[in-house]
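Contents: one structure, followed by commentary.
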Amino acid sequence: NSTQGVISIVTRLPGGSESMPVSDTIRLDTHASILSVGFTGAAVKSPGDPLHLTLDAGETGGSARVEIVGLFVALALYDDGTNGDSHAGDGVYELDTVVPGGQTVTGSVVTGRFTDAVGNEALAFDGPQRLSVQQVPDAVSLAAPAASAPPDVPAVLLEWSPSNVNDFAAYRLVRSVGAAPVAEGETVTLVTTRGQTQYRDTGVREGATYNYRVVVVTNTGLESAS
């Protein structure tokens, strides 16, 4: 980023004599660069999700910005231990922010820009990660499960409202036993037809208590549970 050299100054006096040379070492900074830029966490996020951005310039005292197509323009990052920066003065500029609401993007490029302390502008740097922002799907409503009665084989009939999500991938049926939270239950099955809103669970035992949840899953991996 810089070149080191020596500068010498000699003063010529009116009578023609010269002073002793005075010299010093100088460093000429003529270049700025970006080593990396990106974000942490999942590549698919939802409006309101936390977003941590980083830009490694390898030098301190500059000005770092990030652009994300469709979301942010010239978003400032910090290297002073504030706003999500983990270590002040390490040449890595960071920011904690949130994904803005009302916008969805697919595979947006994250571009870093950096100006060093003496005004050198680095070439714009596109990070290798791509960020997508998708709306969390609306949850469906699960009706009261209907259990079979002896002498029929133990079973539970589940029915739920249809999903209206265009990016629909599956209904994921989750079951827990007894007092265990349903969020910690096991996946019983995946229903990949959006119009199928019924499932008969035969993996149950007579006299036991079960809790159920139907989770809508999108093709981008977002989920919403009943």
request  = Using a cut-off of under 18 Å, list every residue of segment 77-121 whose amide N is near the label point 7 Å from the Cα of THR60 along the Cα-to-beta-carbon line.
outcome  = 77-95, 115-119
message = What FRET efficiency comes out for ARG205 versus SER161 if R0 is 22 angstrom and r is the Cβ-Cβ distance? Round to the nearest 0.05.
response = 0.20
query = If you place +1 on the Cβ of every Lys and Arg, -1 on the Cβ of every Asp and Glu, and leave all else neutral, what size is the dipole of segment 172-225 about its Cα centre, to the nearest 20 Debye?
reply = 160
ask   = Tell me, what % of the accessible area of the chain is carbon and sulfur with a 1.4 angstrom probe?
value = 52
Ordering of 108-114, 86-92 by packing [mean C-beta count within 10 Å, highest first] = 108-114, 86-92
request  = Note down the net charge around GLU184, summing +1 for each Lys or Arg and -1 for each Asp or Glu among other residues with Cβ under 13 Å from its Cβ.
outcome  = +1
key: Farthest positive-ward along the chain dipole, Cα basis, beta-carbon charges - from LEU75, THR189, SER63   = THR189
query = Ordered by packing density, taken as the mean number of other Cβ atoms within 10 Å over each peptide's residues, highest first, how do 123-134, 39-50 rank?
reply = 123-134, 39-50
ask   = Once you charge only the Cβ atoms, +1 for Lys and Arg and -1 for Asp and Glu, what is the size of the charge dipole of segment 45-166 about its Cα centre, to the nearest 20 debye?
value = 460
ask   = Can you list the residues, at least 5 places off or on another chain, whose amide H is less than 5 Å from the amide H of ALA169, using H built in the peptide plane?
value = VAL217, THR218, ASN219
query = Roughly how big is the chain's charge dipole about its Cα centre, with Cβ charges of +1 (Lys, Arg) and -1 (Asp, Glu), in debye to the nearest 20?
reply = 700
remark   = Counting Lys and Arg as +1 and Asp and Glu as -1 over every other residue whose Cβ sits under 10 Å from the Cβ of ASN164, the net charge comes to 0
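The values are calculated or read from the model by the stated rules, or taken from the named source; none is laboratory data. Here the structure is a predicted model, which means the values were calculated and not measured. So basically every Cβ, Gly included, is an ideal-geometry build from the backbone, and we count neighbours across all protein chains shown. Surface areas here come from the heavy atoms of the whole protein model, side chains and all, with no ligands, DNA or RNA. Shrake-Rupley method; radii C 1.70, N 1.55, O 1.52, S 1.80 Å.
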